[in-house]
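Undergrad: Please find one structure pasted underneath; my questions will follow.
The values are calculated or read from the model by the stated rules, or taken from the named source; none is laboratory data. Quantities reported herein were computed from a predicted structural model and do not represent experimental measurements. All Cβ positions, glycine included, derive from the backbone under ideal geometry; neighbour counts span all protein chains shown.
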Amino acid sequence: MTTNSVISANALSVHIDQRTILDNLNFEVGKGEVFALLGGNGAGKSTTLKTFLGLMKPSTGSASVMGLSVAEHTNEVQKSVAYLPESVTLYGHLSGLENIRYFLSVAGVDKSDDAVFAALRKVALQKGAWTKALSNYSKGMRQKTAIALALLRNAPVLFLDEPTSGLDPAAIDEFNALVSELAANGATIFMVTHDVYGACQVAHRIVLLSNGKLTGSFERVGDTPIDTEAVHAAFAGRKA
Ligand SMILES: Nc1ncnc2c1ncn2[C@@H]1O[C@H](COP(=O)(O)OP(=O)(O)OP(=O)(O)O)[C@@H](O)[C@H]1O
């Protein structure tokens, strides 16, 4: 592990019913990095995410977060990570504000109203929506609420599952800007996605996953986004 490595996979393999689902994954994600694991259907993205969230155990090797093996220190790791599932699991009958207050109390985090309002302003959720039932929110608005919650929990590590699927282009841009800002403020962000364009816009590093194996890696140089065409070509298995 390098000194600033926050997330690491070390010879991580998962076998289910004698099938190899993840095959000897090795990677490290540094503090403040936006890391995207890109793969097609059935590549093993969800399985990777589940092992980092402590919902599945590696068959061999390990998944670590902040230097702790997730399988051995599941509760401790779960306290320091925030997870945004593809469909945000907040309560539809409660408002954005009520959801945040409820989930903060479940997490044992005490925050003032001012802090909660500041987080909602930061994610740019329209003020008129704060007290409306979440069932009236768009997917983008639900994600903003979930990110505000993650901000208030001060989670240093965020795991995002297909964060831009179902968002319109303006919402994708807003979401990417927020993710970049969180990372610039020191959060470490791990996302799984099959969205080449979205990953190129926001990620510092993209790693390709295919049939449970890592097959390529692309790194951002300076402020220039990773080249979409090169990633797309590698993803599709051809030369750029
Ligand atoms: N509990 C399980 N039992 C058997 N096979 C499984 C199980 N979980 C996952 N798999 C298999 O492992 C492979 C990887 O699945 P995984 O859900 O991790 O892929 P994914 O990249 O997230 O795909 P998608 O983009 O379609 O969600 C698939 O072939 C899937 O059928």
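Undergrad: Condition first: at pLDDT 95 or above and over 19 Å from GLU28 (Cβ atoms). Can you find one or more residues in the range 60-78 that meet it?
TA: yes
Undergrad: Is it the case that some residue within the range 4-11 is in a strand (DSSP E or B), more than 15 Å from VAL192 (Cα to Cα) and within 16 Å of the ligand (Cβ to nearest atom)?
TA: No, the conditions are met nowhere in the range 4-11.
Residues are listed down the side, and each one gets a yes or a no for (1) assigned to a loop (DSSP other than H, G, I, E, B); (2) surrounded by 19 or more Cβ atoms within 10 Å (Cβ to Cβ); (3) at pLDDT below 90:
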position: ARG142; (1), (2), (3): no, yes, yes
position: ALA148; (1), (2), (3): no, yes, yes
position: LEU178; (1), (2), (3): no, yes, yes
position: LEU182; (1), (2), (3): no, yes, yes
position: ILE206; (1), (2), (3): no, yes, no
position: GLU229; (1), (2), (3): no, no, no
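Undergrad: Can you tell me which of VAL14, VAL81 is away from the ligand (no atom under 12 Å from the Cβ), of a type in the set (A, V, I, L, M, F, W, C) and surrounded by 16 or more Cβ atoms within 10 Å (Cβ to Cβ)? Write out each step before concluding.
TA: Numbers: VAL14 fails: away from the ligand (no atom under 12 Å from the Cβ).
Only one candidate passes the filter, namely VAL81.
Undergrad: I need the full set of residues from the range 43-60 which are outside any loop (DSSP other than H, G, I, E, B) and either without any contact (Cβ under 8 Å) to a residue 12 or more places away in the chain or within 16 Å of the ligand (Cβ to nearest atom) (or both), in order please.
TA: Selection gives LYS45, SER46, THR47, THR48, LEU49, LYS50, THR51, PHE52, LEU53.
Undergrad: Hey, GLU174 hits all of (1) within 20 Å of LEU38 (Cα to Cα); (2) surrounded by fewer than 23 Cβ atoms within 10 Å (Cβ to Cβ); (3) out of contact with any helix residue (DSSP H, G or I) (no Cβ under 6 Å at 6 or more places or on another chain); (4) of a type outside the set (Gly, Ala, Ser) but one; which does it fall short on?
TA: Of (1) within 20 Å of LEU38 (Cα to Cα); (2) surrounded by fewer than 23 Cβ atoms within 10 Å (Cβ to Cβ); (3) out of contact with any helix residue (DSSP H, G or I) (no Cβ under 6 Å at 6 or more places or on another chain); (4) of a type outside the set (Gly, Ala, Ser), only one is false for GLU174: (1).
Undergrad: Against the condition more than 16 Å from the ligand (Cβ to nearest atom) and assigned to a strand (DSSP E or B), how does LEU158 come out, does it pass?
TA: When the stated conditions are applied, LEU158 passes them.
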